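Engineer: Take a look at the following structure, please.
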Amino acid sequence: MKTNIYKKEIIKIFKRNHLLSIADVHKQIPHANYSTIYRNIRQLVKDDKLVKQIFGKHIILYEINDIKKHHGHFLCNICKKIEKLEMPKNEQIAKNGYRVQEYLLTGLCNKCKINN
Ligand SMILES: [Zn+2]
Ligand SMILES: [Zn+2]
């Protein structure tokens, strides 16, 4: 399938980077059409290779679907920097009977904490 020729390349890019937008990926494969990149990423999400993450109202990013080691995110409200957070242990979550779909904390990063 012609539309899938960038899948391997895209996965490689995601292995080097934590969170990326479709535009970020396109910048690294400039010879491909934006819509082709978009279709490839959407397919990779369907295949459970990538996960779509929505931060706030407007930030849509993708990352590797790491089934073995789930992590949460910390979003800085000022500079919009996003960092990985360690998830609470599954046993702790199971004890409460929750099924966590997203683990997102927001606030101020170290830099913004000092400057604001
Ligand atoms: Zn910040
Ligand atoms: Zn992440």
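Engineer: Where in region 16-51 does the label zone of Glu102 land, with the point 7 angstrom along Cα→C-beta and an amide N cut-off under 15 Å?
Structural biologist: 51
Engineer: Set Lys and Arg Cβ to +1 and Asp and Glu Cβ to -1, take the dipole of the chain about its Cα centre, and tell me which of Tyr62, Leu108, Asn96 lies farthest positive.
Structural biologist: Of Tyr62, Leu108, Asn96, it is Tyr62.
Engineer: Moving on to the next point. Under unit Cβ charges (Lys, Arg +1; Asp, Glu -1), what dipole magnitude, rounded to 20 debye, does the chain have relative to its Cα centre?
Structural biologist: My answer is approximately 200 debye.
Engineer: If you don't mind, there's one more thing I want to ask. What translational diffusion coefficient, in µm²/s and rounded to a whole number, does the Stokes-Einstein relation yield for region 2-64 at 25 °C and a viscosity of 0.890 mPa s, taking the hydrodynamic radius as the Kirkwood radius over Cα pairs?
Structural biologist: This corresponds to a translational diffusion coefficient of 212 µm²/s.
Engineer: Assuming 0.36 nm per residue, please report the length gained on full extension of the stretch Glu83 to Gln43 beyond their Cα-Cα distance.
Structural biologist: Net length gain for the segment: 11.9 nm.
Engineer: Compute the Rg to Rh ratio over the chain from the alpha carbon atoms, using the Kirkwood formula for Rh, and round to two decimal places.
Structural biologist: Reported Rg/Rh (Cα atoms, Kirkwood Rh): 1.03.
Engineer: Isolated Cys in the chain by the 4.7 Å beta carbon test?
Structural biologist: Here Cys79, Cys112 come out as lacking a disulfide-compatible partner, given the Cβ-Cβ threshold of under 4.7 Å.
Every read-out reported here was derived from the displayed coordinates using simple, explicitly stated rules and does not represent laboratory data. Quantities reported herein were computed from a predicted structural model and do not represent experimental measurements. Ideal geometry is used to build each Cβ from the backbone, glycine not excepted, and the neighbour counts take in all protein chains shown.
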